[in-house]
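Student: Please find one structure pasted underneath; my questions will follow.
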Amino acid sequence: MDKMMELRRYMTGSWGELMEAKAKEQHVHEVFERIAPKYDFMNDLLSFRRHKAWRAFAMKKMNVQPGQTALDLCCGTCDWTIAIAERNGDASVTGLDFSEQMLKVGRHKIERKGLQHKIELIQGNAMELPFADDTYDFVTIGFGLRNLPDYHKALQEMYRVVKPGGRVICLELSKPIWQPFKGMYYIYLKGILPLLGKLFAKSYRQYKWLPESLAMFPDHLELKAIFLEVGFTHVEAYPLTGGIAALHIGVK
Ligand SMILES: C[S@@+](CC[C@H](N)C(=O)[O-])C[C@H]1O[C@@H](n2cnc3c(N)ncnc32)[C@H](O)[C@@H]1O
């Protein structure tokens, strides 16, 4: 964030908010720098591989066509970035993430698939995108929005860089809807998941962050309302696997 903007925030009395946002960014950065080498393995384990079905559903809804460009925010180890690049013909895909370690894993996967000529990876902050207005056909964010300090502002940035008529797609963990399942799920999330993180990735504190970040995150209807507030039209929200995850799609 540039100095003028920081000064302006200070002058308008939101210095505390800025500090809170910076603290969250720094914490999230440390989490992903640490868990990067085990991230893909842990995703399979902790979601019982459900994340693969959620990603496939997202791709089906996107229906990517050759020639369509995409920006994948918080791309991490690049699963979604690669899936889009495999579908959009000669068009380019950009992945952006602020964790060098996550990008390193993603870069290896891209090279193994021989896709380095069409995927550009950028180390940067999803809150301040270094791209012009109206640039991409798709802007995607997979399991990233929950980790950002200001969901509203992040979606405004995505709205800015997607083309008119283009789509912003968010795949994210969410809050189960059905009460008996909800209770069991929270026992797993808060009690068991961090222990699995400790056992398999030696990262208890980092995996404890997952339920903490979800507690602060809007449910699928609240997130749909935020999409509408930002200005997206034709907003669709799909709860997945009983609401454990949700897919949101908005058109600019
Ligand atoms: C849970 S991972 C998701 C990775 C990938 N999108 C996927 O679907 O598996 C969240 C990613 O968001 C990135 N991230 C979090 N906050 C960020 C920010 N402010 N700017 C850029 N990347 C961020 C982290 O580094 C991490 O790679």
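Student: Based on Cα coordinates alone, diagonalise the gyration tensor for the stretch 155-250, multiply each eigenvalue by 5, take square roots, and list the semi-axes in whole Å, largest first. Working shown, then result.
Tutor: Numbers: eigenvalues 176, 52, 19 Å².
Semi-axes (√(5λ), whole Å): 30, 16, 10.
Student: Can I ask one more? Counting alpha carbon pairs within less than 8 Å and at least 6 residues apart, what relative contact order, in whole percent, applies to the chain?
Tutor: Computed over the chain, the figure is 17 percent.
Student: Then there is this: Show the residues, 5+ positions off or on another chain, whose built amide H is closer than 5 Å to the amide H of ALA245.
Tutor: Here the answer is SER174, LEU240, since their amide H atoms fall under 5 Å of that of ALA245.
Student: Ok, one more. Of LEU210, LEU196, ALA225, which is farthest along the charge dipole of the stretch 179-230 in the positive direction, counting Lys and Arg as +1 and Asp and Glu as -1 at C-beta?
Tutor: LEU196
Student: Which value, in debye to the nearest 20, gives the size of the charge dipole of the chain about its Cα centre, when Lys and Arg are +1 and Asp and Glu are -1 at the Cβ?
Tutor: In total the dipole reaches around 880 debye.
Student: Using θ = phi - 60° and the Karplus curve 6.51 cos²θ - 1.76 cosθ + 1.60, what whole-Hz ³J(HN,Hα) does each residue of the stretch 53-70 get, with Gly and Pro shown as x?
Tutor: Karplus-based 3J(HN,Hα) across the stretch 53-70 equals 5, 5, 5, 5, 5, 4, 5, 5, 5, 5, 6, 4, 10, x, x, 7, 8, 8 Hz.
Student: Distance cut-off 20 Å, Cα to Cα: go down the list LYS113/LYS202; LYS61/LYS163; LYS52/LYS109; LYS61/LYS190 and report the pairs above it.
Tutor: Pairs exceeding the cut-off: LYS113/LYS202; LYS61/LYS190.
Student: Still on this model: Dividing the convex hull volume of the alpha carbon atoms of the stretch 98-204 by its residue count, what do you get in Å³ per residue?
Tutor: Numbers: hull volume 16.9 nm³, N = 107.
Normalising the Cα hull of the stretch 98-204 by residue number yields 158 Å³.
Student: Report the far tail of the P(r) of the chain, meaning the percent of Cα-Cα pairs longer than 22 Å.
Tutor: The share of Cα pairs beyond 22 Å in the chain comes to 55 percent.
Student: Would you mind counting up the charge near ASP90? Only other residues with Cβ under 15 Å from its Cβ, with Lys and Arg at +1 and Asp and Glu at -1.
Tutor: Working: positive: ARG87, LYS118; negative: GLU86, GLU120, ASP137.
So the surrounding residues net to -1.
Student: Among all the aspartates and glutamates, which ones have a C-alpha under 12 Å from LYS153's C-alpha, if same-chain residues fewer than 8 places away are not counted?
Tutor: Output for LYS153: GLU128, GLU229.
Student: Step through the table entries LYS60/LYS198; LYS118/LYS198; LYS182/LYS224, compare each Cα-Cα distance with 30 Å, and write down the pairs that go over it.
Tutor: Too far apart for the 30 Å limit: LYS60/LYS198; LYS118/LYS198.
Student: Could you sort the peptides 157-167, 42-52 by per-residue average Cβ neighbour count (10 Å cutoff), highest mean leading? Mind showing how you got there, number by number?
Tutor: Numbers: 157-167: 18.9, 42-52: 15.5.
Peptide ranking by packing, descending: 157-167, 42-52.
Readers should treat all values here as calculations from the given coordinates under stated rules, not as data from a laboratory. Remember, predicted model here, so these are calculated numbers, not experimental data. All Cβ positions, glycine included, derive from the backbone under ideal geometry; neighbour counts span all protein chains shown.
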